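Down below is the structure, laid out as structure tokens.
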Amino acid sequence: MDSVTQLVLGASIQGAMLGRWQGRKALVYGAALATLPDMDVLIDYGDAVADMTYHRGFSHSLFVLAALAALLTWLIRKRWPDAGYSGRRLFLTLALVLCTHPLLDSFTTYGTQLFWPLTTPPVAISSIFIIDPLYTLPLLLATLVALVIGLGRSGRRWEYAALALSSLYLGSTLVGKTMAEHRLQAALEAQNLQPDSVFSTPTPFNTLLWRVMAVDGDIYYEGLTGWLDHEPMSLTALPRQSEAAAKALANSPQNERLRWFTGDRLRYDLIDGQWVATDLRLGMSGYHPFRFALATAGEDGQTRLIEYTEQWPARRPDASVLRLLMARALDAATPLSLAELAQPLGEPGPHQRQ
């Protein structure tokens with residue numbers, strides 16, 4: 001999730017758990033500690049693919065963060081042995097502040113390596129967008145109120161209520177995801193399709209409208225479905241070009257890393273002599289933020305891998321696209337062509353256009 005959300009979540013947890021003794025300082029301590037896992041963005045892992053796929057790695061591991069909470073508990077108790085709260089309460093607070101950060105991240109689409117150093121695939125429940133005001137606002141409001149009135153009994157009640165409301169909303173996103181995947185399965189059965197994998201995620205800034213995807217060999221199918229839809233969902237077939245790319249990128253470690261990280265939900269395009277891989281999970285059709293040129297195709301027919309990959313500039317949706325998505329969420333009859341939205345994926349990036 002975004003940094004503001006993580007900050008107010010950590011502040012609310014520590015305020016609720018230790019505000020009785022630490023006062024307003026609990027909000028500051030919790031906010032600072034909750035942002036710690038994202039400090040790995042300062043590490044240069046080597047190239048753009050490595051930076052993407054190693055982010056949310058060791059610093060988001062539940063094993064690492066639980067050990068860090070234990071170490072901090074020991075240091076704090078050694079420095080302040082006469083604090084009014086117990087060591088057990090302190091450890092539980094620090095562990096919750098640290099570990100809820102990656103746990104919340106795992107509900108987004110990016111992918112969080114909760115069990116590092118185990119080589120299990122990243123966890124991406126993908127039931128909430130990376131910015132969702134309905135989740136963040138209760139926590140933000142409670143934090144602001146606690147800063148004003150303090151963390152006496154009334155202030156802590158605000159924190160308890162905010163944590164409960166946000167948690168209930170997060171749980172409701174799983175209900176939305178179940179709805180979207182049930183409708184996707186019905187659409188696949190209607191077309192007698194048996195895909196290799198399926199995927200669903202909410203569209204930006206809401207959980208009313210969901211984007212669903214089914215990967216089937218060299219093709220992937222996309223569709224939109226929402227809580228207010230009454231008609232069966234239609235699917236749009238789009239090219240993935242995975243078979244041609246598999247030959248061209250057979251020896252590419254970056255491609256193998258991306259396939260592992262994304263669950264092989266990738267699209268490939270040959271653009272201006274370059275094989276470009278697109279992570280289809282994040283963003284929207286035509287507006288996927290993570291795209292990488294992995295190899296060049298020479299006129300002699302030889303493919304040359306690009307050793308140091310760079311991330312292509314993202315094509316961002318303008319206000320008209322976001323308004324169109326919101327209109328579609330409220331009215332299934334709103335005309336919206338996924339094929340037209342996805343068409344620019346096969347075009348040169350902004351840095352390549354003449």
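The table for this structure:
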{"read-out": "Whichever residue in the stretch 143-166 is in contact (Cβ under 8 Å) with a residue 60 or more places away in the chain and either within 24 Å of Leu103 (Cα to Cα) or acidic (Asp, Glu) (or both) and, among such residues, is surrounded by the fewest Cβ atoms within 10 Å (Cβ to Cβ)", "value": "Tyr160"}
{"read-out": "Test: Arg77 is in contact with a Gly (Cβ under 9 Å, 6 or more places away or on another chain) and assigned to a loop (DSSP other than H, G, I, E, B)", "value": "no"}
{"read-out": "Index of the failed condition, Gly273 passing every other in (1) within 24 Å of the chain's Cα centre (by Cα); (2) surrounded by fewer than 16 Cβ atoms within 10 Å (Cβ to Cβ)", "value": "(1)"}
{"read-out": "The stretch 173-220, residues that are outside any strand (DSSP E or B) and under 17 Å from the mean Cα position of the chain (by Cα)", "value": "Thr173, Leu174, Gly176, Lys177, Thr203, Pro204, Phe205, Asn206, Thr207"}
{"read-out": "Residue check for Ser12: out of contact with any Leu (no Cβ under 6 Å at 6 or more places or on another chain) and under 25 Å from Ile128 (Cα atoms)", "value": "no"}
{"read-out": "Matching strands (runs of 3 or more DSSP E) fully within the stretch 222-328 where at least 2 residues are under 27 Å from Leu184 (Cβ atoms) and in the same structural domain as Glu340 (by TED's automatic domain parsing)", "value": "236-239, 266-271, 274-279"}
{"read-out": "Verdict on Leu42 being farther than 20 Å from Asp279 by Cβ and either at pLDDT 95 or above or hydroxyl-bearing (Ser, Thr, Tyr) (or both)", "value": "no"}
{"read-out": "Checklist (1) surrounded by fewer than 20 Cβ atoms within 10 Å (Cβ to Cβ); (2) part of a helix (DSSP H, G or I); (3) in contact (Cβ under 8 Å) with a residue 24 or more places away in the chain; (4) out of contact with any Leu (no Cβ under 6 Å at 6 or more places or on another chain) applied to Tyr169, failing item", "value": "(4)"}
{"read-out": "Given (1) among the aliphatic types (A, V, I, L, M); (2) buried (at least 16 other Cβ atoms within 10 Å of the Cβ); (3) in contact (Cβ under 8 Å) with a residue 60 or more places away in the chain, index of the condition Ala95 fails", "value": "(3)"}
{"read-out": "Matching option when the condition is farther than 17 Å from Ala245 by Cα and without any contact (Cβ under 8 Å) to a residue 60 or more places away in the chain, among Ala339, Ala327", "value": "Ala327"}
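The values are calculated or read from the model by the stated rules, or taken from the named source; none is laboratory data. Worth saying up front: this structure is predicted, and the values here are computed from it rather than measured. Note: ideal-geometry Cβ built from the backbone for every residue, glycine included; neighbour counts use all protein chains shown.
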